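These notes are about the structure you will find just below.
The values are calculated or read from the model by the stated rules, or taken from the named source; none is laboratory data. Owing to the predicted nature of the structure, the values given are computational and were not obtained by experimental measurement. So basically every Cβ, Gly included, is an ideal-geometry build from the backbone, and we count neighbours across all protein chains shown. Surface areas here come from the heavy atoms of the whole protein model, side chains and all, with no ligands, DNA or RNA. Shrake-Rupley method; radii C 1.70, N 1.55, O 1.52, S 1.80 Å.
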Amino acid sequence: MGPYVDSVRSDEQMPAATSVVVIGGGIIGTSAALSLAARGIPVVLCEKGYIACEQSSRNWGWCRQTGRDEREMPLIVESLRLWRDMDGLTYSATGFRECGVMYVAESEQDEHRFQAWLEMARPFDIGARLLRGADLERLMGGAQRSFRCALHVPGDGCAEPQKAAPAIARAAQRMGAIILAHCAARGLERTTGRVSGVITERGTIGCEAVILAGGAWTGLFCSSLGVRLPQLKVLSSVMRTASVAGAPDTCTYMDEVAYRKRLDGGYTIARGSGFVIPVVPDSLRYLREFLPILKKERGNMKPRLNAQSLKEWTAPRRWPLDRPSPFERDRVLDPQPDRALNRAAHQAMVRLFPQFREVPIVQEWAGYIDVTPDVLPYIGPTGAVPGLTVATGFSGHGFGIGPGAGRLAADLATAQNPSVDPAPFRLSRFEDGSPIVIGPEI
């Protein structure tokens with residue numbers, strides 16, 4: 001079972017029409033709705049489950065520029081600017097604070113990669129630095145081993161995933177957005193080829209534009225429209241501990257463990273590397289696009305036949321819009337965590353900080369990350385369905401980049417000047433002859 005998520009009261013009345021419908025109530029969808037509502041643009045958000053019910057509440061909570069791909073840097077810089085003002089904008093506690101993010105070098109090869117990344121990031125002036133010796137020991141206070149160096153961005157931070165998207169959704173409501181939870185979107189209505197409405201389980205909402213921010217579900221929704229979107233799911237397992245004193249404040253990544261101090265004094269802990277990939281029909285359908293990253297990351301990926309595999313091998317890719325859709329039959333992806341990976345992460349944490357040996361593990365959970373073949377998101381219009389803007393495939397980077405990505409999706413859906421250049425995130429990049437360049441090396 002996933003972590004407890006702050007509640008958002010769903011609006012009771014569904015309007016007959018609006019300007020923009022947002023499909024998906026995660027960090028991207030709620031941020032898009034807030035951006036639109038703040039501009040006075042009528043918007044309705046439809047969520048098949050409850051706000052932040054899937055990966056937006058199950059992630060690590062990091063808001064980082066550290067280690068980002070160069071193509072993502074303008075978007076994450078914009079997102080951090082938005083995060084710093086988020087509590088004031090939402091009149092809520094999202095938990096955001098600048099605690100710093102640090103990637104620890106465990107080999108000479110790691111150090112070389114960090115130095116190359118620092119050169120790339122220098123023009124963005126984000127305060128990134130390479131730490132050694134006493135400076136590194138200070139940020140890893142009490143660690144039982146030493147490391148050669150670490151890549152550190154002190155202005156990076158974290159927020160609380162179980163609080164952030166709900167706070168953003170409530171702020172959007174106060175600005176006029178309508179939030180419809182437990183209201184699955186089944187498909188789109190089109191007039192002369194262009195989007196003219198969203199067909200939901202509660203009826204049709206007429207609209208001028210749609211933002212599809214459905215996370216791991218987005219590929220299935222797109223397939224029902226005839227839109228080819230190479231995207232797979234990766235299972236990420238996480239745990240949280242009870243409160244512990246004397247452990248570090250800085251979000252820290254190593255291959256064997258990554259950790260973050262929570263507002264409640266406990267820690268969110270996960271394995272830094274190692275993911276389970278369900279073998280599903282899309283694994284074969286998009287094998288050509290994913291083959292380069294599968295080769296590169298073969299040591300970190302564990303293909304498995306699991307419960308999600310069975311669901312997808314038997315699921316329809318199209319359905320009648322006047323009957324329940326797959327989004328109603330399975331409203332929340334709530335997979336079982338990989339306890340072996342969690343145990344390995346916990347054991348590594350105990351070796352590093354022995355005080356964690358006696359700290360109870362309060363909860364374990366898992367979530368499905370929506371990934372793309374180059375580890376960069378899709379944010380942009382679909383040529384095949386005018387009026388539809390897709391924002392998905394954030395490949396484990398979506399929480400921190402969410403506010404900026406939601407704003408960019410809102411810009412594109414309403415033909416406004418985009419806040420950052422959307423070209424790197426175009427949906428057509430796997431079809432227009434562009435080389436597949438795999439994102440973040442760190």
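To keep it simple, each residue is scored yes or no on (1) under 30 Å from Tyr259 (Cα atoms); (2) part of a loop (DSSP other than H, G, I, E, B); (3) more than 27 Å from the chain's Cα centre (by Cα).
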| site | (1), (2), (3) |
| --- | --- |
| Trp313 | no, no, no |
| Asp322 | no, yes, yes |
| Val332 | yes, yes, no |
| Gln336 | yes, yes, no |
| Ala340 | yes, no, no |
| Ala344 | yes, no, no |
| Gln347 | yes, no, no |
| Val350 | yes, no, yes |
| Phe356 | yes, no, yes |
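If you go through the range 137-165 and keep only what is under 25 Å from Ile28 (Cα atoms) and hydrophobic (A, V, I, L, M, F, W, C), you end up with Val153, Cys158, Ala159, Ala164, Ala165. Selection within the range 6-21: residues that are more than 17 Å from Gly203 (Cβ to Cβ) and in contact with a strand residue (DSSP E or B) (Cβ under 9 Å, 6 or more places away or on another chain). The member of this set that is most open to solvent (accessible area, probe 1.4 Å) is Arg9. Whenever a residue of the range 207-225 is on the phi < 0 side of the Ramachandran plot, its partners that are of a type in the set (D, E, K, R) and assigned to a helix (DSSP H, G or I), lying with C-beta atoms within less than 8 angstrom and at least six residues away or across chains, give the pairs Gly219/Asp282. Screening the range 25-132 for strands (runs of 3 or more DSSP E) wholly inside it with 1 or more residues that are over 21 Å from Gly439 (Cβ atoms) and open to solvent by 10 Å² or more (accessible area, probe 1.4 Å) returns the ranges 129-131.
For the range 280-328, a tally of residues being under 20 Å from Arg228 (Cβ atoms) and of a type in the set (A, V, I, L, M, F, W, C) returns 11.
Mind listing whichever residues of the range 158-184 are of a type in the set (Lys, Arg) and closer than 13 Å to Leu45 by Cα?
Arg170
Would you please name the residue that is surrounded by the fewest Cβ atoms within 10 Å (Cβ to Cβ), looking only at residues in the range 237-255 that are modelled with pLDDT under 95 and farther than 16 Å from Pro360 by Cβ? Among them, the one singled out is Gly246. When the range 361-391 is filtered for residues that are among the small types (Gly, Ala, Ser) and outside any strand (DSSP E or B), the ones remaining, listed by number, are Gly383, Ala384, Gly387.
Taken over the range 186-216, the residue count meeting the criterion of being of a type outside the set (S, T, N, Q), open to solvent by 10 Å² or more (accessible area, probe 1.4 Å), over 18 Å from Ser31 (Cα atoms) and at pLDDT 95 or above is 12. When Arg351, Arg426 are screened for being without any contact (Cβ under 8 Å) to a residue 60 or more places away in the chain and not acidic (Asp, Glu), only Arg426 passes. May I ask you to verify whether Leu427 is out of contact with any Asp or Glu (no Cβ under 9 Å at 6 or more places or on another chain) and modelled with pLDDT of 95 or more? Yes.
Residues satisfying the criterion are present in the range 392-412 (criterion: part of a helix (DSSP H, G or I), open to solvent by 20 Å² or more (accessible area, probe 1.4 Å), over 27 Å from Gly155 (Cα atoms) and in contact with a Gly (Cβ under 9 Å, 6 or more places away or on another chain)).
Figure legend. Inter-residue proximity from the range 106-125: first residues in contact (Cβ under 8 Å) with a residue 40 or more places away in the chain, second residues open to solvent by 70 Å² or more (accessible area, probe 1.4 Å) and assigned to a helix (DSSP H, G or I), beta-carbon distance below 7 Å, spacing 6+ or different chains. Indicated pairs: Met120/Glu70.
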